[in-house]
Amino acid sequence: MIDPYDILGLSREADSAAVKSAYRKRVKTAHPDTGGDTEMFGDLKLAYELLLDPVRRKVFDDTGYDPELADTKDLQGLVILETLVNEMILDEREPGSFDPVASMRRKLTDRIVSARFHILEMERHRARIRNHMDRMGRKPGTDVLGRMLKARSETIGEAIRKSETEIKTIEQAYVMLDGYAYELEITEVKDAAE
């Protein structure tokens, strides 16, 4: 991911006039028609467009990702992490007294376990439906019960696929936490005998 501020040589507080001015100045030497580098020109254009779009700029400033260029999996992972960051901010415990990164990892793990358990339950229900369907005699003509059971089985299959996708998204959020550590304050425990 490119940093549009670095590419245009701007501070994060730059307004749209400063963005336009920096772009015009740098594009003169970067444009391929004037002997510039095609890749650099493309990066300048992307940086310019990102910083002039207030929504994209806000998302980039808050996350480091351009919503138009980022992988969908990363954006979905960001949505999950955003919720966890909000929970961390609202936690009343003193910073340094608990590890919010470890807490986020535990919450993500709990969500994955819960989703996998949910999948197992749905697979059990779907197997039961199929067993009923195999044992039920078919009514000639319109098979109302057969269609209803088949529709239920398909709905459960869709729910299973949705849960599997949710697990992948949660796993992506977990990967995005890689490399983070949190420094806890070490408090001395006084001996009760003193």
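The values are calculated or read from the model by the stated rules, or taken from the named source; none is laboratory data. Because the structure is predicted, anything quoted here is derived from the model rather than measured. A quick note on method: Cβ atoms are made from the backbone with ideal geometry, for glycine too, and the neighbour counts reach across all protein chains shown.
Considering only the range 176-194, how many residues are among the aliphatic types (A, V, I, L, M), under 26 Å from Phe98 (Cα atoms) and either exposed (fewer than 13 other Cβ atoms within 10 Å of the Cβ) or at pLDDT 95 or above (or both)?
So the answer is 5.
Could you grab the pairs with beta carbons closer than 8 Å, sequence gap of 6+ or different chains, first residue in the range 16-38 and touching a residue at least 12 places away in the same chain (Cβ under 8 Å), second one among the β-branched types (Val, Ile, Thr) and in a helix (DSSP H, G or I)?
Arg26/Ile7
Among the residues of the range 1-35, count how many are exposed (fewer than 13 other Cβ atoms within 10 Å of the Cβ) and of a type in the set (Lys, Arg).
Here the count works out to 4.
Are any residues in the range 35-70 under 21 Å from Lys20 (Cβ atoms), of a type in the set (Val, Ile, Thr) and in contact with a helix residue (DSSP H, G or I) (Cβ under 9 Å, 6 or more places away or on another chain), and if so, which ones?
Val59
Let's see how each residue does on (1) touching a Pro at 6+ places or on another chain (Cβ under 7 Å); (2) surrounded by 13 or more Cβ atoms within 10 Å (Cβ to Cβ); (3) part of a helix (DSSP H, G or I):
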| site | (1), (2), (3) |
| --- | --- |
| Glu94 | no, no, no |
| Ser97 | no, no, no |
| Asp110 | no, no, yes |
| Ala115 | no, yes, yes |
| Met122 | no, yes, yes |
| Lys139 | no, no, no |
| Ser153 | no, yes, yes |
| Glu171 | no, yes, yes |
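Could you check Pro140 against (1) under 31 Å from the mean Cα position of the chain (by Cα); (2) farther than 30 Å from Asp74 by Cβ and say which number it fails?
(1)
Any residue at all in the range 112-130 that's more than 23 Å from Glu158 (Cβ to Cβ), of a type in the set (Val, Ile, Thr), modelled with pLDDT of 90 or more and more than 18 Å from the chain's Cα centre (by Cα)?
No: the range 112-130 contains no residue that is more than 23 Å from Glu158 (Cβ to Cβ), of a type in the set (Val, Ile, Thr), modelled with pLDDT of 90 or more and more than 18 Å from the chain's Cα centre (by Cα).
Show me the helices (runs of 4 or more DSSP H) found entirely inside the range 1-82 where at least 2 residues are within 30 Å of Arg105 (Cα to Cα) and modelled with pLDDT of 90 or more.
Here the list reads 54-63.
Are any residues in the range 55-78 hydrophobic (A, V, I, L, M, F, W, C) and without any contact (Cβ under 8 Å) to a residue 40 or more places away in the chain, and if so, which ones?
Listed by number, the residues that qualify are Val55, Val59, Leu75.
Against the definition (surrounded by 11 or more Cβ atoms within 10 Å (Cβ to Cβ), at pLDDT below 95 and at negative phi), how does Val144 come out, yes or no?
No, not satisfied.
Of the conditions (1) under 30 Å from Ser97 (Cα atoms); (2) touching a residue at least 60 places away in the same chain (Cβ under 8 Å), Lys168 satisfies every one except a single condition; which number is it?
Exception for Lys168: condition (1).
Taking Ser103, is it out of contact with any Asp or Glu (no Cβ under 7 Å at 6 or more places or on another chain), polar (S, T, N, Q) and in contact (Cβ under 8 Å) with a residue 24 or more places away in the chain?
no
Taking the conditions exactly as written (within 30 Å of Arg105 (Cβ to Cβ), loosely packed, with under 13 Cβ neighbours inside 10 Å and either modelled with pLDDT of 95 or more or out of contact with any helix residue (DSSP H, G or I) (no Cβ under 8 Å at 6 or more places or on another chain) (or both)), does Ile160 satisfy them or not?
Considered against the rule, which asks whether it is within 30 Å of Arg105 (Cβ to Cβ), loosely packed, with under 13 Cβ neighbours inside 10 Å and either modelled with pLDDT of 95 or more or out of contact with any helix residue (DSSP H, G or I) (no Cβ under 8 Å at 6 or more places or on another chain) (or both), Ile160 comes out as no.
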